[in-house]
1. Out of the residues in the range 9-39 that are within 15 Å of Gln56 (Cβ to Cβ) and among the β-branched types (Val, Ile, Thr), state the one that is surrounded by the fewest Cβ atoms within 10 Å (Cβ to Cβ).
2. What pairs can you find where one residue is in the range 29-44 and under 12 Å from Ile7 (Cβ atoms) and in contact (Cβ under 8 Å) with a residue 12 or more places away in the chain, the other is of a type in the set (A, V, I, L, M, F, W, C) and outside any helix (DSSP H, G or I), and their Cβ atoms are less than 8 Å apart, with a gap of 6+ or different chains?
3. For Gln27, state whether it is under 11 Å from the mean Cα position of the chain (by Cα) and at pLDDT 85 or above.
4. Could you figure out which of (1) exposed (fewer than 13 other Cβ atoms within 10 Å of the Cβ); (2) modelled with pLDDT of 90 or more; (3) among the small types (Gly, Ala, Ser) isn't true of Ala6?
5. Scanning for something loosely packed, with under 15 Cβ neighbours inside 10 Å, at positive phi and either part of a helix (DSSP H, G or I) or modelled with pLDDT under 90 (or both), does the range 57-68 turn up at least one residue?
6. Scanning for something without any contact (Cβ under 8 Å) to a residue 60 or more places away in the chain and over 13 Å from the mean Cα position of the chain (by Cα), does the range 3-10 turn up at least one residue?
Amino acid sequence: MNLVDAIQQYQSIIYEVELGDNLVRLQARKDLSKLSTFLTRELGSDALRKIMKEAQQQAHNHKRSTSG
């Protein structure tokens, strides 16, 4: 797996965790665990945390813009 694809997949899974139902969240967390290990090794934990926070923020912004 190349690094760019892994980052995009990681962001997509974070998005699913934030917006999905319980079953989606459960599967997404399993997938996230595998990717986290790879990305932490490649990028370091600080960079991965930054990517995660950005993806969470995008999901929350989407949730706010579509609710109400």
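The values are calculated or read from the model by the stated rules, or taken from the named source; none is laboratory data. In this text the structure is predicted, and so the values were computed from the model without any measurement. So basically every Cβ, Gly included, is an ideal-geometry build from the backbone, and we count neighbours across all protein chains shown.
1. Restricting to residues being within 15 Å of Gln56 (Cβ to Cβ) and among the β-branched types (Val, Ile, Thr), the top hit is Val17.
2. Phe38/Met1
3. It is false that Gln27 is under 11 Å from the mean Cα position of the chain (by Cα) and at pLDDT 85 or above.
4. (1)
5. The answer is yes; a qualifying residue exists.
6. So far as the range 3-10 goes, yes, one or more of its residues are without any contact (Cβ under 8 Å) to a residue 60 or more places away in the chain and over 13 Å from the mean Cα position of the chain (by Cα).
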